[in-house]
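Report on the structure given below.
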Amino acid sequence: MRRTLVAGNWKMNASRAQTETLLSGIRDAGDLPCDVAVFPPYPYLSQAVEAAGATVSVGAQNCADQTSGAYTGEVACDMLSDIGASMVIIGHSERRTLYGETDDVVLRKTRLAIDCGLTAVVCVGETLEQRKSGNAEAVVKTQLSLLLSELSDTDWQSVVIAYEPVWAIGTGETATPEQAQAVHAHIRALLAARNESLAASTRLLYGGSVKAANAAELFSQQDIDGGHVGGASLDVAEFLGICRA
Ligand code: PEP
């Protein structure tokens, strides 16, 4: 029922030439056994939409929490849909930590994204300190609670959750499959408490130093429906290795 999704978050990397190389590499790989999405920086989104073809989804790494107006430097969700993007990452830990994005902002952005026909990939995850103090599941529950109480069942059809332990992002340190599965199972139980069919249909991705070498074991866990990939998405061979896992 849930098709595996591999999402490549390029962060503030790439150029016109790299965008072309990465997307032609993915295109040339032909049929892949999963859904694939890439999230280039804003300036390359239109180019990526053109280059991606029908099989690869293109999304933004962030969006405004307003619809239009005097918000210098911001990009609205309907602008993203207008140029053919179909997804947006919301609440990445770098945005929460570096730009002060709160759960309230995450909810507002998610609502706007859904209203504009985008799929929202909402990121949650605990810091190392929170994990060490035994609070990983409680942190994730808090990060999801507004979404669970405020979004409708129909809204949830346009939401993907990415569980990304902060200590595993860009560090080379990956959660063990058991650690990742335990939090994914917890997230699915939170969804089930609200609605069983929501739990059955919502895709939950794992993110945090996913590579071709560790993807198969992570993706084989019962509640892990794919990966949210940072660094390894900038290398075509590595990214395709993850997609094939
Ligand atoms: C990310 O940016 O969401 C991420 C998981 O990065 P990395 O794969 O580099 O850890």
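Any read-out appearing in this document is the output of simple, stated calculations on the displayed coordinates, not a laboratory observation. Computed from a prediction, not measured in an experiment: that's the story for all the values here. Please note: Cβ atoms are built from the backbone with ideal geometry, for glycine as well, and neighbour counts cover all protein chains shown.
Brief remarks on what is shown
- In this structure, G117 does satisfy being on the phi > 0 side of the Ramachandran plot, more than 16 Å from the ligand (Cβ to nearest atom) and either touching a helix residue (DSSP H, G or I) at 6+ places or on another chain (Cβ under 6 Å) or in contact (Cβ under 8 Å) with a residue 12 or more places away in the chain (or both).
- Any chance L22 is part of a helix (DSSP H, G or I) and either touching a residue at least 24 places away in the same chain (Cβ under 8 Å) or within 23 Å of I90 (Cα to Cα) (or both): yes
- Residue selection: A180 satisfies the criterion of being of a type in the set (G, A, S), within 16 Å of the ligand (Cβ to nearest atom) and over 25 Å from P40 (Cα atoms).
- Top-ranked residue of the stretch 132-175 - restricted to ones that are among the charged types (D, E, K, R) and within 16 Å of the ligand (Cβ to nearest atom), ranked as farthest from the chain's Cα centre (by Cα): E173
- Pairing residues of the stretch 231-245 that are closer than 14 Å to V38 by Cβ and polar (S, T, N, Q) with residues that are assigned to a loop (DSSP other than H, G, I, E, B) and within 13 Å of the ligand (Cβ to nearest atom), at Cβ distances under 7 Å and at least 6 apart in sequence or on separate chains, gives S233/W10.
- Test: residue in the stretch 225-245 that is more than 30 Å from S15 (Cα to Cα), of a type outside the set (F, W, Y) and touching a helix residue (DSSP H, G or I) at 6+ places or on another chain (Cβ under 9 Å): no
- Residue in the stretch 9-17 that is within 22 Å of A212 (Cβ to Cβ) and more than 15 Å from the ligand (Cβ to nearest atom) present: no
- Conditions (1) under 20 Å from V49 (Cβ atoms); (2) more than 16 Å from the ligand (Cβ to nearest atom): number failed by G100: (1)
- Number of the condition not met by K211 [criteria: (1) closer than 17 Å to E126 by Cβ; (2) without any contact (Cβ under 8 Å) to a residue 40 or more places away in the chain; (3) of a type outside the set (F, W, Y)]: (1)
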